[in-house]
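What follows is calculated from the coordinates using simple rules that are stated; it is not laboratory data. Predicted, not measured: the structure shown is a model, and the values here were computed from it. Counting neighbours? That spans all protein chains shown, and the Cβs are built from the backbone with ideal geometry, glycine included.
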Amino acid sequence: MLKNYLKIAFRNMARYKVISFINLFGLTVGMACCLLILTYILHEESFDKYNSKANRIWRVTRSFNNKDGIVSLHLGAVAPPFGPLLLNDFPDLQKMTRLLINGTSPVRYEEKLFNEDNIFFADNNLFSVFDVNIIRGDRTNALTDPFTVVMTEAVAKKYFGNTDPINKVIRLDNRYNFRVSGIIAPVPETSHFHPDFMLSFNTLKDSAIYGEKGLANNWGNNSFFTYFLLPAGYPAHQLETQFPAFLDRHMANPNGYGVGSKPSSLTKLYLQPLTDIHLHGHTDEEIEQNGDSSRITVFGAIALFILLIACINYMNLSTARSTLRAKEIGIRKVSGAQRYEIIMQFLSESVLISWLAIILAAALTILTLSWINGLTGLHLSAQILLHWYILVPLILTPFVVGLLSGLYPALFLSSFQPVKVLKGLFKAGSNTVNFRKVLVVTQFAISIVLLISTAIVFQQLHYMQTASLGFDKEHILTLSYNNGLDKTFESFRNALGQDPHVLAATRSSRIPSGRLLDEQGAQTESGDSLRPVNADIKYVAVDHDFLKTYGIPIVAGRDFSRNYATDSTNYILNAAATKVLGLKTPQEMVGRNFAYGGVKGKVVGIMGDFNFEDMHQNILPIIFVILPANQNQFGRISIKLAGSDLNGSIAHIEKTWKRYLPEVPFEYTFLDERFQQLYKSEQQQGSLFTAFAGIAIFIACLGLLGLSAFSISQRIKEIGVRKVLGASTGSIVQLLSTDFLKLIVIAALIAFPIAWYTMHNWLGDFAYRISIQWWVFLGAGLLAAAVALVTISFQAVRAALGNPVKALRSE
């Protein structure tokens, strides 16, 4: 029986080639999109799951509350004393390990000198918690001795070539020598951290670097990513309930905590599963940029919508061609076929097409993965689909898709009455025609929603890239350095100024486009004394030329000046800071006594507000301070260039750099490029939206092409009669197109509120966003209508130009 079903199915595919091709091609493209999106989703969901103990590893995070009890900051890292103290106080915590990002540093071996980014300090037991493949060295003791380093195989080859790297010595920051004690394989891409170098954590105990006292008592440096290994199935969140008492027990009056309130009311600790970090972390400090669980949901929905459109095509075309198979069904019923047998026949056809489609879709997925990787910057691989728990659902997918797309046509076609069919009295009922119209409306409603979403994503991205940030980011070259320039910076600046195209140069602890600004306690004037500020005000250490270099305006008071020695303890606030201090105008703040981090001074100026971070964030209250050079809190250089001779200016800066910092490689970035990187996620999302919206409307039009061709073929005699009676080609095209265009209009009216609601919620993630414009909806609707009209007109014009004599000659 099954063999007979399949034989007839192949015969019908061969007989109705165009409709079969449209069905097969549409399902193939729809399934390929689903497989591509599934590959992306599985990649994002797999982060850190390569670790054999992944479900037992938890990270401790820390939040800070303002005086109103509202969380103002939530960090993925904590202060150094927390790890050992938690391990000591809670016996159920089996192991603890820590990571500390070292930042960008120059690394030298003999004549080879490179700036390296992925340098971490790591506890010696890191390898017993995380799965890291040790190629050379002792897994247990590789990071035990201070001033030892483990590096990846690729980095070892970069520095040492083919020679044995073990016990070789590299120099870090031109200050410290580290002995190579081990070589590791690269950490898998699906990890939330990717170290090239891991320095022994015990090195930090050296007083010249951090010191044992700092590791035991510094509660303010929340830069230590701390992980715990718990027993399998342990209720970790119950442990969190004991953390407030732990904080009050150990943090009694450190750095001002405990004065008037318990530490647990100002800061809290949480445990976060390792496998949640990538998609659900979103703390204010992460080792690398996280993914986004909401994007997984969005693209999963897009995959289902595209597959739904392809299934709708199948249902539409199958029911539309019902009159072509009516006599076949009538003869089968007269010959004794039962209705369930006819249903099985049609379902077998749809399942067969679905099977062919998924085979072709798998091949198409493999061919297009490199394009998707280029579009997104990811490294997706089809191998992630080769797991039994993925393959089994994929094998069942053709049955599900076949049943979904073929069930209604099978039930409809099997319901024909053989007497009417064989007498030529059969006509498709109005219910069937209406159902087909509903399906067309559904297809184009989905397509229009995707078109509108794509347009708004790109509008928002363009707005973020072009909107004024409150300062001039064009032609600003940025450099990083580590203390080696602090004492000679003024002469370095003067040397840069010998090039007339170098307009200004400044240094600071942070530059715009960075996050996680530092914060200390602030006090402001209240009568004859200073009172604590009940607000979060971030600070940036700058020199006298920062505002000049960035073109940030002073709206009240004055800029820092070298003519005032007292400016080393004075302050400049932005307008947002004056607002949180409760002042009506910036002028009211100028001249007031102010203290920050315990240093008393005066507010000498108020600067205009500007976006220090990207436009996802609100403008922060910020205070600028000038610090003596010996405090070593700078580390960033910004150089404003005229832009007329960039190559010449960069060559001059490089020459000057090598004269003052010969041990630090010259590596620069432009500030506008850094801001572009902040929106990389939205750029990827916009590109994918465009691709999938195009595919969705293409599949919908493919079905519309087949449906219009079939519908017009059923009216060919009507067209012949109209032409004989004098109807013009234009009037016939208009007649044939109007019915379909009405459906597009209905689809647009349904799609508009859905698209508005969806994109309104998406824009809610941005502190600064566009307003949704009415013309975007009109444009998307007109575009869908135009594409549909072109699709229909191709068939309509051909029918209208046909010879009416041929149309009327035979029944």
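Suppose R0 equals 30 Å. What FRET efficiency, 1/(1 + (r/R0)^6) with r the Cβ-Cβ distance, do residue 379 and residue 403 give to the nearest 0.05? Can you show the working numbers first?
Numbers: r = 36 Å, r/R0 = 1.19.
So the FRET efficiency works out to roughly 0.25.
Here the range 647-703 is treated as a Stokes sphere of Kirkwood radius computed over C-alpha pairs; at 25 °C and 0.890 mPa s its diffusion coefficient rounds to 160 µm²/s. Phi angles across the range 46-60 convert, under the Karplus curve 6.51 cos²θ - 1.76 cosθ + 1.60 with θ = phi - 60°, into 3J(HN,Hα) values of 8, 4, 6, 7, 5, 5, 5, 10, 4, 6, 10, 9, 10, 9, 8 Hz, Gly and Pro given as x.
Amide H contacts of residue 599: none lie under 5 Å away among residues 5 or more positions distant or on a separate chain (H built 1.01 Å from N in the peptide plane; Pro and chain starts excluded).
Taking a ≥ b ≥ c as the square roots of the eigenvalues of the Cα gyration tensor, the range 107-240 is classed as oblate, since a/c reaches at least 1.5 and a/b does not exceed b/c. Close amide H contacts of residue 211 (hydrogens built in the peptide plane, cut-off under 5 Å, sequence separation of 5 or more or a different chain): 205, 206. For residue 135, put the label point 7 Å out on the Cα→Cβ axis and report which residues of the range 160-175 keep their amide N under 13 Å from it. Hits in the range 160-175 for residue 135 at 13 Å: 160-166. The gain in end-to-end length when the residue 593 to residue 669 segment is fully stretched comes to 23.5 nm, 0.36 nm per residue minus the alpha carbon separation. Here, the range 653-780 has an Rg and a Dmax of 27.3, 93 Å when only alpha carbons are counted.
Past the 12 angstrom mark, what percentage of all C-alpha to C-alpha distances in the range 737-780 do you count?
Summing the P(r) of the range 737-780 above 12 Å gives 67 percent of all pairs.
The modelled label-to-label distance for the pair residue 21/residue 72, using points 7 Å beyond Cα in the direction of Cβ, is 6.8 nm.
Separation of the range 138-166 from the range 433-449 is 62 Å, based on Cα centroids.
When the pairs 584/680; 95/158; 112/640 are compared against a 32 Å limit on Cα-Cα distance, 584/680; 95/158 fall above it. Using R0 = 41 Å, the C-beta based FRET efficiency linking residue 208 and residue 162 works out to 0.75. So what does log10 I(q)/I(0) come out to for the range 166-224 at q = 0.16, 0.19 Å⁻¹, using the Debye formula with one equal point on every Cα and no solvent? Here the Debye-derived log intensity ratios amount to -0.72, -0.93. Assuming a viscosity of 1.002 mPa s and a temperature of 20 °C, what translational diffusion coefficient in µm² per second does Stokes-Einstein assign to the range 13-134, Rh being the Kirkwood radius over Cα pairs? After rounding, the answer is 106 µm²/s. Per residue, the convex hull spanned by the Cα atoms of the range 40-99 amounts to 143 cubic angstrom.
Straight-line reach only, C-alpha to C-alpha below 14 angstrom: list the aspartates and glutamates that residue 717 could link to, leaving out same-chain residues fewer than 8 apart. Output for residue 717: 811. Cross-link pairs exceeding 22 Å between alpha carbons, from the set 157/655; 538/602; 548/655: 157/655; 548/655.
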